[in-house]
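Everything below concerns the one structure shown next.
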Amino acid sequence: MGHGGRARASQWLGFIRAAREEGLIDGIGLSNVSRRQLLRAVAQAEIVCVQNLFNLADQRSRDVLTECEARHIAFVPFCPLGWPGEVRRRLLADPVLAALAARLGATPVQVALAWLLHLAPNILLIPGTRTRAHLAENLGAADVRLDDAARAELTRHFPAAKEAAP
Ligand SMILES: NC(=O)c1ccc[n+]([C@@H]2O[C@H](COP(=O)([O-])OP(=O)(O)OC[C@H]3O[C@@H](n4cnc5c(N)ncnc54)[C@H](OP(=O)(O)O)[C@@H]3O)[C@@H](O)[C@H]2O)c1
């Protein structure tokens, strides 16, 4: 972000902070921010939540998640099942994920969501769905226990530095 962009972001944060001081909003959240942008924002205002793209197949916001955890800021991983379309299809059809899900008596979706729930205490998971069947499946992720071997396998197969396929 250039100087103009930084100045606009700082001005925007000033307005939002004033709105919070007036009692118009409860807490300030950010979306699609880099770690650097987050650090600039926390120097100006109290930030309670960050919402960034984050899932097994795309962990580029790992540094933002870590920074949020250290600062007790909630982190909402949007698209927790992967970016809609081919990326999501490929993730949910991944053979390693499927085999692991079968071993744990869960579905690939539930393992992908459980991995997020186990990753850090500040993760707030809100996978959107229009169907009751998916809602029930997603809620079931809370009951999936990932043992050490399962977590190690996911870390090996979906390394943090790996970027989402185009
Ligand atoms: N800040 C941003 O830039 C940004 C970007 C994206 C999203 N968001 C927000 O973040 C929140 C969560 O976003 P999201 O991506 O999780 O929700 P979303 O955008 O509503 O999309 C969820 C998608 O996953 C599918 N899905 C859900 N459960 C599934 C399951 N069990 N099996 C297969 N497919 C399933 C849904 O399809 P079905 O309806 O068929 O289940 C839907 O296509 C929302 O409030 C959204 O508005 C913010």
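Under 17 Å from a point placed 7 Å out from the Cα of PHE15 along the Cα-to-Cβ direction: which residues of segment 42-64 have their backbone N that close? Within reach of a label on PHE15: 45.
What the Cβ-Cβ distance of ALA70 and ARG90 gives, at R0 = 25 Å and to the nearest 0.05, is a FRET efficiency of 0.20.
Computed on segment 3-157, with alpha-carbon pairs under 8 angstrom and 6+ residues apart, the relative contact order is 17 percent.
Read the figures in this text as sums done on the coordinates, not as results from a lab. Note that this is a predicted model, so its numbers are computed, not measured. All Cβ positions, glycine included, derive from the backbone under ideal geometry; neighbour counts span all protein chains shown.
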